[in-house]
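Everything on this sheet refers to the single structure shown next.
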Protein chains: 2
Amino acid sequence: MSATDSEPPSDRTRIRRNPSRAKYDRETINAILDEGFIGHLGFVIDGQPCVIPTGYGRVGDELLIHGSSGSRVMRRAGEGIDVCFSVTHVDGIVVARSVFHQSINYRSVVVLGRAMRVAEAEKLDALAAISERLTPGSWDAARKPDKKELAATSVIRLSLAEASAKVRTGPPADDEEDYALPIWAGVIPTTFAIGSPVPDPRNIPGIPTPDFVKNYRRA
Amino acid sequence: MSATDSEPPSDRTRIRRNPSRAKYDRETINAILDEGFIGHLGFVIDGQPCVIPTGYGRVGDELLIHGSSGSRVMRRAGEGIDVCFSVTHVDGIVVARSVFHQSINYRSVVVLGRAMRVAEAEKLDALAAISERLTPGSWDAARKPDKKELAATSVIRLSLAEASAKVRTGPPADDEEDYALPIWAGVIPTTFAIGSPVPDPRNIPGIPTPDFVKNYRRA
């Protein structure tokens, strides 16, 4: 691990619990973000923390998050709004010899920053980028947003400058003396799987399944 | 849907975006929570929103969330700390005829409330409950926490009194005139799957895989 990989970009992004699981390199962070479908956006309204699940996309060093133009977070983002955005993948259940070391294998990213609303002129490109991250090929195939639909949607951007990742992999890390105990330990892996497409019953009869659906894969 | 199912428990838990997806009945909320492995805990530190992925368990009308006793949220929870806790399952990618109606099928729960630290005398039971939710059977099989391990762990409780669920299922909901377009629409389902157990290479040779691992299922 290079020096830049092992150091957080700012003090507030430094991972203090289980720091051996911390990763600060952009490659790890991007891979976790690009695999996610939904992230959890945290913001504060009148002192109350709010966490909402939301779709997103990554373009370079930024996250793009879209939502209804009327939602609280989108309305407040005009002047910029402090947020925390988190994406987590669960990879397995870690069965340890001791209760204390029971765990979950996971990969997570936490991004701190000030989200800003994307300008009207850039909104269509931002929406296309989010769409292409989720379902590459779907943007070209679908009817594009009209004026009313565009107005109903807002996009905020969040820099990845203050991002950190945390990754746990492998078998349990039991206390050395516990390895002598006659207790089974190991990992029950979990996976997120893509299934076979289910056509809309209202599809025009005979319409072929497009390649981007048949061979679905992330960008 | 009964009257109690269709009404939020408080005004701030009312779902305003896509209210037709809102569910306020405890059965729906519990089912989503009990299927989750990790939730996202939101809290505010010096005005900054923080969202961290964390394990949890549900017991009756409460969530139990454990963490390191030294962590910021656990230290502050002694006096009670305002939080928002969110759990989301992704069930599919909704490919619509129009970009505007592209979506994700999901089930999410958002809980608002004041989290309180669980008293020392109740901590062991709380940890057992969290463990049994994640891996039923593992608590009995494993070495129990010693005094030092117990001291290193804190648990907070969060009432489900202010919880709401949001559920999207089924095919896209396109604009009526778009159903005539020659565009394929449907859902690419996604599933979260449990794999075959991987024994720790350091297991004592010949140790059998316990039933709770072989036949893993949630409580």
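The values are calculated or read from the model by the stated rules, or taken from the named source; none is laboratory data. Model, not experiment: these values are computed from the prediction. Every residue, glycine among them, receives a Cβ derived from its backbone with ideal geometry; neighbour counts consider all protein chains shown.
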- Message: For the list (1) more than 8 Å from chain B (Cβ to nearest Cβ); (2) surrounded by fewer than 20 Cβ atoms within 10 Å (Cβ to Cβ), I need the number of the one condition that A:Glu149 fails.
- Response: (1)
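Could you go through segment A:121-132 and let me know if any residue there is touching a Ser or Thr at 6+ places or on another chain (Cβ under 9 Å), surrounded by 15 or more Cβ atoms within 10 Å (Cβ to Cβ), farther than 30 Å from A:Arg75 by Cα and among the aliphatic types (A, V, I, L, M).
As a first pass, look at segment A:121-132 and keep what is touching a Ser or Thr at 6+ places or on another chain (Cβ under 9 Å): A:123, A:127, A:131-132.
With the extra rule that they be surrounded by 15 or more Cβ atoms within 10 Å (Cβ to Cβ), the set shrinks to A:123, A:127, A:131-132.
Okay, now just the ones that are also farther than 30 Å from A:Arg75 by Cα, so none.
Scanning segment A:121-132, I find no residue that is touching a Ser or Thr at 6+ places or on another chain (Cβ under 9 Å), surrounded by 15 or more Cβ atoms within 10 Å (Cβ to Cβ), farther than 30 Å from A:Arg75 by Cα and among the aliphatic types (A, V, I, L, M), so the answer is no.
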- Note on the structure: Considering only strands (runs of 3 or more DSSP E) wholly within segment B:122-219, the ones with at least 1 residues that are within 29 Å of A:Val198 (Cβ to Cβ) and either without any contact (Cβ under 8 Å) to a residue 40 or more places away in the chain or among the polar types (S, T, N, Q) (or both) are B:163-168, B:186-194
- Message: surrounded by fewer than 17 Cβ atoms within 10 Å (Cβ to Cβ), under 30 Å from A:Asp11 (Cβ atoms) and under 16 Å from the mean Cα position of the chain (by Cα): which single residue out of A:Ala219, A:Ala161, A:Ala173 fits that description?
- Response: A:Ala161
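Would you check if there is a residue in segment B:89-101 being β-branched (Val, Ile, Thr), in a helix (DSSP H, G or I) and either within 9 Å of chain A (Cβ to nearest Cβ) or farther than 26 Å from A:Leu41 by Cβ (or both)? Full working, then the answer.
Filtering segment B:89-101 down to residues β-branched (Val, Ile, Thr) leaves B:90, B:93-95, B:99.
Next, only the ones that are in a helix (DSSP H, G or I) stay: B:99.
When the remaining residues are screened for being either within 9 Å of chain A (Cβ to nearest Cβ) or farther than 26 Å from A:Leu41 by Cβ (or both), the result is B:99.
Within segment B:89-101, one or more residues are β-branched (Val, Ile, Thr), in a helix (DSSP H, G or I) and either within 9 Å of chain A (Cβ to nearest Cβ) or farther than 26 Å from A:Leu41 by Cβ (or both).
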- Note on the structure: Scanning segment A:41-79 residue by residue, the ones that are closer than 26 Å to B:His89 by Cβ and among the basic types (Lys, Arg) total 2
- Working carefully through the options B:Ser86, B:Ser108, find the one that is of a type in the set (Gly, Ala, Ser), at the interface with chain A (Cβ under 10 Å from one of its Cβ atoms), touching a Gly at 6+ places or on another chain (Cβ under 8 Å) and assigned to a strand (DSSP E or B). B:Ser86
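Show me the strands (runs of 3 or more DSSP E) found entirely inside segment A:1-82 where at least 3 residues are at the interface with chain B (Cβ under 9 Å from one of its Cβ atoms).
On the way: elements: A:39-45, A:48-54, A:56-59, A:62-68.
Hits in segment A:1-82: A:39-45, A:48-54.
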- Note on the structure: Of (1) more than 14 Å from A:Ser154 (Cβ to Cβ); (2) within 19 Å of the chain's Cα centre (by Cα); (3) modelled with pLDDT under 95, A:Gly67 fails just (1)
- Message: Just the residues that are farther than 18 Å from A:Val213 by Cα and either in contact with a Gly (Cβ under 8 Å, 6 or more places away or on another chain) or of a type in the set (Gly, Ala, Ser) (or both), please, taken from segment A:115-154.
- Response: A:Ala115, A:Met116, A:Arg117, A:Ala119, A:Ala121, A:Ala126, A:Ala151, A:Ala152, A:Thr153, A:Ser154
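Within the bounds of segment A:157-165, is there any residue that is under 21 Å from A:Phe37 (Cβ atoms), modelled with pLDDT of 95 or more and in contact with a Pro (Cβ under 8 Å, 6 or more places away or on another chain)? Don't jump to the end; show me each part of the working.
At the first step, the residues of segment A:157-165 found to be under 21 Å from A:Phe37 (Cβ atoms) are A:157-158, A:160, A:163-165.
Those still in the list that are modelled with pLDDT of 95 or more too: A:157-158, A:160, A:163-165.
From the residues that got through so far, the ones that are in contact with a Pro (Cβ under 8 Å, 6 or more places away or on another chain) too are A:163-164.
Taking every residue of segment A:157-165 in turn, at least one turns out to be under 21 Å from A:Phe37 (Cβ atoms), modelled with pLDDT of 95 or more and in contact with a Pro (Cβ under 8 Å, 6 or more places away or on another chain).
Please indicate, with yes or no, whether at least one residue in segment B:181-195 is more than 7 Å from chain A (Cβ to nearest Cβ) and loosely packed, with under 14 Cβ neighbours inside 10 Å.
No, segment B:181-195 contains no residue that is more than 7 Å from chain A (Cβ to nearest Cβ) and loosely packed, with under 14 Cβ neighbours inside 10 Å.
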- Message: I'm trying to understand the selection: among the residues of segment A:70-103, which are in contact with a His (Cβ under 9 Å, 6 or more places away or on another chain), at pLDDT 95 or above and of a type in the set (A, V, I, L, M, F, W, C)?
- Response: A:Cys84, A:Phe85, A:Val87, A:Val94
